[in-house]
Every structure is written in structure tokens, then in C-alpha cells.
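Written out below as C-alpha cells is the structure these notes cover.
The values are calculated or read from the model by the stated rules, or taken from the named source; none is laboratory data. Keep in mind that this is a model prediction, so the values were computed, not measured. Glycine gets a Cβ as well: all are built from the backbone with ideal geometry, and neighbour counts include every protein chain shown. These accessible areas exclude ligands, DNA and RNA; they are computed on the full protein's heavy atoms, side chains included. Shrake-Rupley method; radii C 1.70, N 1.55, O 1.52, S 1.80 Å.
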Amino acid sequence: MFTNTMFESIKDALQNDKQSSNEAWREIMKTEKGKMYTVRLLPNIENPKNTFFHYYSHAWESFQTGQFINAFSPTTYQERDPIAEYRFKMMRQGTSDEKSKIEAIKRREQWMINAYVIEDPTNPDNEGKVKILRYGRQLNKIIMDAIEGDDADQFGMRVFDLSENGCSLRIKVEDQGGYPTYVASKFLMPSATDITDTDEVYKSLHDLEAVNSVKSYDELQ
């Protein structure tokens, strides 16, 4: 059972903001502009501090092959990152052409959490299953406001409650200048779900740290 102590442990971990790529990538929900998704966030009841996984990555499109490249950043674990170091060096000392190219490398801050899927118009087969919700700063602000911010009095622990007293997250994906925006997303009023066995749901949680492929400094270099 999810308790107040577990909830406090999750909040403590949020204040303090390895190892192979595997099938976990397939468990990440895909969202599309113009659609709405409904999920219930899931706490890690065995280790509440691992409920969220907060990480950084680099992404760019190769000038040579056109291939999209994504690299997990060691700064996630407060370790040296050769990609970040090289980008910083080029921005300070590189030629105009080098600076233009290095700007193609985007550093992203993201979070992941396990979620019970209630509505998924992109992939209806996900409904009734535990998937990984990956998101950026816009959704993170909405979630943090509900847990420990302006909306905590209204939601708080309810965002992790799987009973009829719990509150689901409705993710609304809109278009803003060709990019997806999530600012209209919100937590809903308490409602029941079709979950009949909470223990089975908790057994289905994915290892969030196992999603990303973590390379050594030399490999990244």
C-alpha cells in the first residue's frame, strides 16, 4: 500500500536532484500533436526515491549521414561529459562554421516515470498496461505543482493513488509553431479506474535507469 511516508520520500528525492539499452525503450509512450492521453502516475513502492528518473541527454542529426543521434549525458550522475566539454570549447574558440555546426547539438533535460495508461489514442493497445511516461519541463512543472507546489493542497498524494480517490493526469498535446506543447495538460478530479489488482500493477513497473545506454567517457569522446 502506498503510504504518506513513501510520498515524503519521493518529495525528498525530487529535492536532490547505468547501464545498457534494452527492450525498455519500447515501453515509452509515444504522444502526438492534436491528441489527449490519460494516465495515472505510479509510485515505486519498493524504493520511492526511484519513482522519478531525472536525466540529461544530447541529441543531433549527423551532418555526414543524416542519422539522428541521441547520447545520454554523464552529468546526470555528476560526472564529466566530453560532448558538453567539446561544445563549450567550440562555442568559445571555434570558427564561425564550427560554432554553427555545434549549435546543432541540443542538450535536453527530461524525466521518466511509470504510468498506468487509461487512454492512449496513438496506441490503444497500451490501455490497461504500465508504460513509461517520458516528458520535459512543461509537464514536469504541472506534475511538481501538483505534488509540492501551488496545487499540492488539491492533489498531493492523490496523483499516486490508484483508488477512486486518486487523480489522473490528462496530457493534452497541442501545436505551437510546429512544436508540441503540453501546457494545457492537467490533473483531473478524483475518479475510479479499471484497476482491479494494484499489486499486479506495481509488479509491472519498469526499471527507469535501464532505459538509457550509458557509455564511458572515452566512448562518448
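Which ones in the stretch 82-123 are of a type in the set (Phe, Trp, Tyr) and closer than 23 Å to residue 139 by Cα?
111, 116
Could you list, in sequence order, all residues of the stretch 195-215 that are under 16 Å from residue 131 (Cα atoms) and in a loop (DSSP other than H, G, I, E, B)?
195, 204, 205, 206, 207, 211, 212
Looking for something open to solvent by less than 10 Å² (accessible area, probe 1.4 Å) and more than 14 Å from the chain's Cα centre (by Cα) - is there at least one such residue anywhere in the stretch 116-138?
Start the filter on the stretch 116-138 by keeping residues that are open to solvent by less than 10 Å² (accessible area, probe 1.4 Å), which leaves 117, 120, 132-133, 135.
From what is left, the residues that are more than 14 Å from the chain's Cα centre (by Cα) are 117, 120.
Yes: one or more hits.
I need the full set of residues from the stretch 166-187 which are surrounded by 14 or more Cβ atoms within 10 Å (Cβ to Cβ) and assigned to a loop (DSSP other than H, G, I, E, B), in order please.
Listed by number, the residues that qualify are 166, 167, 168, 173, 182, 185.
Somewhere in the stretch 145-165, is a residue open to solvent by less than 70 Å² (accessible area, probe 1.4 Å) and under 15 Å from the mean Cα position of the chain (by Cα)? It would help to see each step written out before you state the result.
From the stretch 145-165, those open to solvent by less than 70 Å² (accessible area, probe 1.4 Å) are 145-147, 149, 151-152, 155-157, 159-163; that's our starting set.
With the extra rule that they be under 15 Å from the mean Cα position of the chain (by Cα), the set shrinks to none.
No, because not a single residue in the stretch 145-165 is open to solvent by less than 70 Å² (accessible area, probe 1.4 Å) and under 15 Å from the mean Cα position of the chain (by Cα).
Mind listing whichever residues of the stretch 189-221 are surrounded by fewer than 16 Cβ atoms within 10 Å (Cβ to Cβ) and of a type in the set (Phe, Trp, Tyr)?
217 - this is the single residue of the stretch 189-221 that is surrounded by fewer than 16 Cβ atoms within 10 Å (Cβ to Cβ) and of a type in the set (Phe, Trp, Tyr).
Would you say residue 10 is surrounded by fewer than 20 Cβ atoms within 10 Å (Cβ to Cβ), out of contact with any Asp or Glu (no Cβ under 6 Å at 6 or more places or on another chain), outside any strand (DSSP E or B) and β-branched (Val, Ile, Thr)?
No; evaluated as a whole, the condition is false for this residue.
Could you go through the stretch 110-120 and let me know if any residue there is over 30 Å from residue 63 (Cα atoms) and assigned to a helix (DSSP H, G or I).
No.
Regarding residue 54, is this residue open to solvent by less than 100 Å² (accessible area, probe 1.4 Å), touching a Phe, Trp or Tyr at 6+ places or on another chain (Cβ under 9 Å) and under 30 Å from residue 1 (Cβ atoms)?
Here the answer is yes, as residue 54 does meet what is asked.
Output the strands (runs of 3 or more DSSP E) that fall wholly within the stretch 28-86 and possess 1 or more residues being at pLDDT below 95, over 16 Å from the mean Cα position of the chain (by Cα) and of a type in the set (Asp, Glu), or say none.
On the way: elements: 36-41, 52-61, 68-72.
By residue number, 52-61.
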